[in-house]
Amino acid sequence: MTVAVPPAGGGGLPGRSSGSGLADVIDTILDKGLVIDAYVRVSLVGIEILTIDVRVVIASVDTYLRFAEAVNRLDLASQQPGLPGLLSSAPQSIARGKTKGMVQGVLEAAGDKLQDLRESYAEEPAPRTRRRRREED
Amino acid sequence: MTGSTRQSGASDGAEAPPRNTACYVYGILPEDVEISEDAIGVGDPPRRVTIIRHGEIAALVSDVDVDRPLGRAQDLVAHEQLLDEAAAEVPVLPLRFGAVMTTPEAVVEELLAPHHDSFAAALKQIEGRTQFVLKARYAEQPVLVEVLTENAEARQLRDRIRQLPEEVTRNERIRLGELITQIIAAKREADTRAVAERFEPFTAGAVVRDPSHERDAAHVAFLVENDRQAGFERAVGELRSEWGDRVEVRLLGPMAPYDFVTT
């Protein structure tokens, strides 16, 4: 069997055929997949890993105010549900906006620790930078 | 920086790699796999992606510098793209982003050898199947119109907010937003259940993911057998046209079965 893997696009994000962006990638590879630490506890290397905290805080005052503002802008009289042409490009811009918070942490296992880090940021609407380092030699 | 170019199968190399280099592990595959030379992995610059074999299984790896951080957008995309391209051809057990071991020898001795049988069995299980992720999101205006039409309290709050200056309606606006969030959550629950049931005949498994956006209608990972993929994709198309402008439906995949490998 041969796996033919074409080179990834240089520079920015390659346009993936399925139309997924960085936000989709992050949803998939940062908290899914096998966690090596559960198998291997000896020789993992502590490399500094920059990850992007994209946990969405759905039940937040910010979200509430945004919805209220959107409703306030709605002109019900001139609209029918599902009116075409009104669909904004919002999903795209929001997906991008989510990637602004950087969490820096050492990944000892790509897994639970990272998950904890991300969860610890979940309550904070404004993500910020934090750094954690751990030597493992 | 000396890149130690390991060839496939050189798991018992006599010389140790330089100390500042470690072994990034992407995933586990069957041993009878070849990787093309131009495959691009993580790191800056990315090193050559190679295969370390042991028995019936193999690890997809590349060297990384230990003194440089990983996790740029390119690294994340490279990790997933490599695994997804592989998953389109062969069974793959994807590792979560960021698994780095000291040496290729450690990959064999501590990862492949001790878990050979369970990895081999898991690879047989996912043979002929790949993952798809359905992401459906309510379009903003239609769903808000729906909410206002269906809920009297939301309409009253909205009218009040419109009549009064913004400074005095903060509580009303928060209450309105909370109400909308709750109503959308109820719609999401119903639509997610409907989606999971609808695709059951075409799929070997489904995992409901956490919503990734406040207007998510459904976020579900499916394990799809290759010979039922056409039917599955057709069903997604039908759902998309059924929902029309109300919901934006995106289908990601085929990808490695991230949501179906568990530790």
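Surface burial for B against A, with a 1.4 Å probe and both sides summed, reaches about 7500 Å² of accessible area. Going from the isolated chain to the complete set of protein chains, the stretch B:228-251 loses at least 10 Å² of heavy-atom accessible area (1.4 Å probe) at B:Asp245, B:Glu248, B:Arg250, B:Leu251. When shorter helices are ignored and each DSSP H run of at least 4 residues is given -39500 (n - 2.57), the per-residue value for chain B at 222 nm works out to -12000 deg cm²/dmol.
Gyration tensor analysis over the Cα atoms of the stretch B:21-127 returns equivalent ellipsoid semi-axes of 21, 16, 11 Å (largest first, whole Å). For the stretch B:248-256, the Karplus equation 6.51 cos²θ - 1.76 cosθ + 1.60, evaluated at θ = phi - 60°, returns couplings of 8, 10, 10, 10, 9, x, x, 9, 5 Hz by residue, with Gly and Pro reported as x.
For the stretch B:161-194 versus the stretch B:239-260, the inter-centroid distance based on Cα atoms is 26 Å. In the full protein context, the stretch B:109-228 carries 45 Å² of accessible surface per residue, based on a 1.4 Å probe and ignoring ligands, DNA and RNA. For chain B, carbon and sulfur atoms together expose 46% of the accessible surface, with a 1.4 angstrom probe and every protein chain in place. Taking amide H as placed 1.01 Å from N in the peptide plane, the amide H of A:Asp31 sits under 5 Å from none that are at least 5 places away or on another chain. Taking the chain by itself as reference, the stretch B:99-120 contains these residues with an accessible-area loss of 20 Å² or more in the full protein complex (1.4 Å probe, heavy atoms): B:Ala99, B:Val100, B:Met101, B:Thr102, B:Glu110, B:Leu111, B:His115, B:Phe119. Close amide H contacts of B:Arg209 (hydrogens built in the peptide plane, cut-off under 5 Å, sequence separation of 5 or more or a different chain): B:His219, B:Val220, B:Ala221. The convex hull built on the alpha-carbon positions of the stretch B:79-133 has an orientation-averaged projected area of 4.4 nm².
Measuring r between the beta carbons of B:Glu34 and B:Glu200 and using R0 = 45 Å, the FRET efficiency lands at 0.80. Annotation for the stretch B:18-105: trypsin sites (Lys or Arg not before Pro) lying in DSSP loop with at most 16 further Cβ atoms inside 10 Å of their Cβ are B:Arg19, B:Arg72. Mean per-residue shielding of peptide B:66-74 is 6, counting Cβ atoms of other chains within 10 Å of each Cβ.
Sequence-ordered 3J(HN,Hα) estimates for the stretch B:108-118 from the Karplus curve with 6.51, -1.76 and 1.60 and θ = phi - 60° stand at 5, 6, 10, 10, 6, 5, x, 10, 3, 5, 6 Hz, glycine and proline given as x. In whole angstrom, chain B maps to an equivalent ellipsoid with semi-axes of 46, 23, 14, each derived as √(5λ) from the alpha carbon gyration tensor and ordered largest first.
Rounded to the nearest 10 square angstrom, B:Leu164 shows an accessible area of 60 square angstrom against a 1.4 Å probe. For the stretch B:113-202, the average shadow cast by the Cα convex hull is 10.4 nm², which is a quarter of the hull's surface. When +1 charges are put on Lys and Arg Cβ atoms and -1 charges on Asp and Glu Cβ atoms, the dipole computed for the stretch B:20-173 relative to its Cα centre reaches about 860 debye.
The values are calculated or read from the model by the stated rules, or taken from the named source; none is laboratory data. In this text the structure is predicted, and so the values were computed from the model without any measurement. Neighbour counts run over all protein chains shown; Cβ positions are idealised from the backbone, glycine included. With ligands, DNA and RNA removed, areas are computed over all heavy atoms of the protein, side chains included. Shrake-Rupley method; radii C 1.70, N 1.55, O 1.52, S 1.80 Å.
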